[in-house]
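Student: Input: one structure, supplied below.
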Amino acid sequence: MNGRELWNKFLDNLKNELTNMSFDTWFNEEDTKFYSLENNVLTITVNQEFIKKHIEEFYLNMMNEAMAKVTNDNITFNIILESEIQELEKNKHKNDTFNDLVVHEKQSPFNANLNPDYTFETFVVGKSNNFAYKAAVMTAEAPGSYNPLVLYGESGVGKTHLMHAIGNYIIKNSDKKVLYITSDKFVDEYTRIFRYSDKNNFDKIDAFKEKYRNVDVLMIDDIQFLGTAPKGQEEFFNTFNELHSANKQIIIASDRPVDDLNSFENRLITRFNWGLTANIATPDYDLRVNIIKNKLAFKETASDIPIEVIEYIANNFDSDIRKLEGAITRVLAYSSMFNHGEVTLDIAVEALKDQLHGKSIYKNDVQRIQRAVCDYYKISIEQMKGKNRNNSVNFPRQVAIYLCRELTTESFPKIGSYFGGRNHSTIISADKKIREEITKNDDLRNVIKDLKRSLS
């Protein structure tokens, strides 16, 4: 069965698992197309980035199950944008190089399961990820120096990006063979050999071992999920030993420190601790702002995003990078649909309101208060957030800080981040000054009442 026949048979199977609406929306012939089948990797193309993200997030597991019913081969999916085909073709048809009469084909990121957009150049570095970034760069430049390299941190902080960056760098700058895989796919491929194969499955076992042990760099993401698969742990232990003894680079990512992988065998924990471990913490406010700016720099429709929108997103999506990216995508899509592509703070608030229930209500949020105070005192938002300490600017700033404490549930440090990154002691001092001034200044008390009324 050739690749296209396999794809058509797979679609017939998948169609039975989905509603007609879901199938026609995400797997129609115009938007989602078969491209190639090589080395058990089935590549399909889509014409929009949001289609790719949606399929990967909501349908990939179902696709794997549907494919397993079609063939016993361990087929994995690679979803790329149509705009990426040109680069893929360029890599695929590069002139072969010869070494001792043996042909070596340059590996591409796609058949290594890598996202070519995840590079060191597109990774935004801050205090929370600086050590991990440097460890990743050193590993990429000299594979085998730190073995294994273990990256750990909560979901969405950039571990996968760094792993892909390492792989992309090595592929670009050497002839080493790289493979990226998640631990659940590793286990799934291993167990499917026995689940869907005849008893005489030695060839498939050999092919599995060849796939994972005949590489120079093996990257296993979300290693914590291996904890529930004893057989998978055993196979990975053997794979680890063979690669490590050959000085082949092993890179592991986990959502927790190595010693907290309680369901793992001690022999694996010991081996994970042989190398270098690097933590990636949740991004701080400044890093979140820089990440948003970096993401927007690669979007043609996002050249004119007001800084107040960037700060609004950075302040409200403070847990992980994926949510930041999702917020950016939603705001841009919403502005395109309902405001002719123009992004404003009001549009951003409206677009994200369903995702921010339980957080500060817009009518009392910090940025609305800032704008109301700036309008009243005839100063700009930039002046309020800047370093100007003239009383004509500093006093309105203090009033705005006081109102933020009165009308929102935000903490002193969080409020400080909205006011040019001022520390919590500065915010406390400003709040205290206005509270004292109100008790003896009738004019200020009336101004405060008017501002509160306008914000109600």
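The values are calculated or read from the model by the stated rules, or taken from the named source; none is laboratory data. As the structure is a prediction and not an experimental result, all values here were calculated from the model. Note that we place each Cβ from the backbone using ideal geometry, even for glycine, and neighbour counts take in every protein chain shown. Side chains included, ligands, DNA and RNA excluded: accessible areas come from the protein's heavy atoms. Shrake-Rupley method; radii C 1.70, N 1.55, O 1.52, S 1.80 Å.
Student: Based on alpha-carbon centroids, what's the gap between the stretch 12-51 and the stretch 400-456 in Å, whole number please?
Tutor: Answer, in whole Å: 54.
Student: If you don't mind, there's one more thing I want to ask. In deg cm²/dmol and to the nearest 500, what is the mean residue ellipticity at 222 nm of the chain if only DSSP H runs of at least 4 residues count, each as -39500 (n - 2.57), divided by the residue total?
Tutor: Details: 21 runs with 243 residues, N = 456.
My calculation for the chain gives -16500 deg cm²/dmol from helical runs alone.
Student: A further question follows. When the accessible area of the stretch 365-408 is split by element with a 1.4 Å probe, what percent falls to carbon and sulfur? Walk me through the intermediate numbers first.
Tutor: Details: 870 of 2000 Å².
Carbon and sulfur together cover 44 percent of it.
Student: Hey, any idea what % of the stretch 277-357's accessible area is carbon plus sulfur with a 1.4 Å probe?
Tutor: Values: 1930 of 3970 Å².
Carbon-and-sulfur percentage of accessible area, whole number: 49.
Student: Of Lys53/Lys323; Lys387/Lys452; Lys387/Lys449, which sit over 22 Å apart, Cα to Cα?
Tutor: Numbers: Lys53/Lys323 13 Å; Lys387/Lys452 26 Å; Lys387/Lys449 27 Å.
Flagged as over cut-off: Lys387/Lys452; Lys387/Lys449.
Student: Hey, any idea what the orientation-averaged projected area of the convex hull of the stretch 183-331's Cα atoms comes to, in nm²? Present the calculation step by step, with values, prior to reporting the outcome.
Tutor: Numbers: hull surface 48.6 nm².
Answer in nm², one decimal: 12.2.
Student: Give the calculated FRET efficiency between Met337 and Asn47 to the nearest 0.05, with a Förster radius of 22 Å applied to their Cβ-Cβ distance.
Tutor: On the way: r = 18 Å, r/R0 = 0.83.
My answer for the efficiency is 0.75.
Student: Any idea of Asp255's accessible area? Nearest 10 Å², probe 1.4 Å.
Tutor: 60 Å²
Student: Counting alpha carbon pairs within less than 8 Å and at least 6 residues apart, what relative contact order, in whole percent, applies to the chain?
Tutor: Numbers: 598 pairs, mean separation 51.1, N = 456.
In percent, rounded to a whole number, it is 11.
Student: Another question, then. Test of understanding: express the Cα radius of gyration of the chain as a ratio to 2.2 N^0.38 Å, with N the residue count. Mind dumping the intermediate values first?
Tutor: On the way: Rg = 26.7 Å, N = 456, 2.2 N^0.38 = 22.5 Å.
My calculation over the Cα atoms of the chain gives 1.18.
Student: Just to be sure I understand the model, the point goes 7 Å from the Cα along the line to the Cβ. What's the resulting Asn262 to Glu56 distance in nm?
Tutor: 3.3 nm
Student: Using label points projected 7 Å from each Cα along Cα→Cβ, tell me how many nm separate Asn8 and Ser411, to one decimal.
Tutor: If labels sit at Asn8 and Ser411, their model points lie 6.0 nm apart.
Student: Run the 1.4 Å probe and let me know the accessible area of Phe58, rounded to the nearest 10 Å².
Tutor: 120 Å²
Student: Quick check: pseudo-label points 7 Å beyond the Cα along Cα→Cβ at Leu444 and Glu17, how many nm apart are they?
Tutor: 6.5 nm
Student: Using a 1.4 Å probe, what is the accessible area per residue for the stretch 210-336, in Å²? Let's see the in-between values first.
Tutor: Details: 5520 Å² over 127 residues.
Per residue, the stretch 210-336 has 43 Å² of solvent-accessible surface.
Student: What figure, in Å² to the nearest 10, do you get for the accessible area of Met138 with a 1.4 Å probe and non-protein molecules left out?
Tutor: 80 Å²
Student: Could you look at the stretch 204-256 and say what percent of its accessible area is carbon and sulfur, using a 1.4 Å probe and all protein chains? Please list the in-between numbers first.
Tutor: Details: 970 of 2070 Å².
Roughly 47 percent of what the probe reaches on the stretch 204-256 is carbon or sulfur.
Student: Based on alpha-carbon atoms only, what is the radius of gyration of the stretch 243-362 relative to the globular estimate 2.2 N^0.38 Å?
Tutor: On the way: Rg = 20.0 Å, N = 120, 2.2 N^0.38 = 13.6 Å.
That works out to 1.48 for the stretch 243-362.
Student: Further question on the same structure: Can you tell me what percent of all Cα-Cα pairs in the stretch 245-295 are more than 14 Å apart? Let's see the in-between values first.
Tutor: On the way: 827 of 1275 pairs.
So the pairs more than 14 Å apart make up 65 percent of the total in the stretch 245-295.
Student: Beyond 15 Å, what share of the Cα-Cα pairs of the stretch 1-75 remains, rounded to the nearest whole percent?
Tutor: Details: 1477 of 2775 pairs.
Here the tail beyond 15 Å accounts for 53 percent of pairs.
Student: Please give the contour-minus-distance gain from Asp304 to Glu350: 0.36 nm per residue of separation, less the Cα-Cα distance, rounded to one decimal in nm.
Tutor: Details: separation 46, 0.36 × 46 = 16.56 nm, distance 1.84 nm.
Going from the current span to full extension adds 14.7 nm.
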